[in-house]
Amino acid sequence: EGDDERVFDCVVRAGAEELGCRIRVGVSYPVTAPSFSVKRAKAEGGGAGDLADGNLRELERELNANYLSLCDPDAEGGDGMDFVLTHQMRRLGAIWEKMATGQQWGTIA
C-alpha cells in the first residue's frame, strides 16, 4: 500500500458466515474503480469455511471487472461513476448473502 491509495478492511456477514474484504481506493477514484480482494473469515461452527476458492475469485472478478455494469458512467443527471464504490458494496452484500446460504448468485440484479 503506497501513498497513492487508501486501504479499508471490512467484514461482511450473512448469518453466521463472514467474509473478509480488503478494498483499495486509488487517488483517481471515482475515475478508476476501487479494487476488492476477499477471503473467507468465518463459517458456521466457528472455523474457516470450505467455500471453494474459485467462487471467491469469481466474486472478486464480479466486483473488480464488471463494475461498469453496476452504474452508468455516462448517465446524464445521474450519479455516473461517483458512487461506484457504493454500487460495488451493495453487489458484494447481495452476492455474499446468496453464497453464504448456498444459493446461485449469477442472476442477482
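The values are calculated or read from the model by the stated rules, or taken from the named source; none is laboratory data. On a predicted model such as this, the values are computed, not experimentally measured, just so you know. Cβ sites come from the backbone with ideal geometry, for glycine too, and all protein chains shown count toward neighbours. When the accessible area is computed, the model is the full protein with side chains, heavy atoms only, and any ligands, DNA or RNA have been set aside. Shrake-Rupley method; radii C 1.70, N 1.55, O 1.52, S 1.80 Å.
Here is how the numbers come out for the structure above:
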item	result
Residue in segment 66-83 that is within 12 Å of the chain's Cα centre (by Cα), at pLDDT 85 or above and surrounded by 14 or more Cβ atoms within 10 Å (Cβ to Cβ) present	no
Hits in segment 1-35 (condition: touching a residue at least 40 places away in the same chain (Cβ under 8 Å) and either part of a strand (DSSP E or B) or touching a Phe, Trp or Tyr at 6+ places or on another chain (Cβ under 9 Å) (or both))	VAL12, ALA14, GLU17, LEU19, CYS21, ILE23, VAL25, PRO30, ALA33, PRO34
Single residue of GLY26, GLY54, GLY49, GLY2 found to be touching an Asp or Glu at 6+ places or on another chain (Cβ under 8 Å) and either at pLDDT below 85 or open to solvent by 70 Å² or more (accessible area, probe 1.4 Å) (or both)	GLY49
Failed criterion for ALA43 (all others in (1) in contact with a Gly (Cβ under 8 Å, 6 or more places away or on another chain); (2) modelled with pLDDT of 90 or more; (3) open to solvent by less than 70 Å² (accessible area, probe 1.4 Å) hold)	(2)
Condition met for MET89 (touching a Cys at 6+ places or on another chain (Cβ under 7 Å) and either modelled with pLDDT under 70 or surrounded by 14 or more Cβ atoms within 10 Å (Cβ to Cβ) (or both))	no
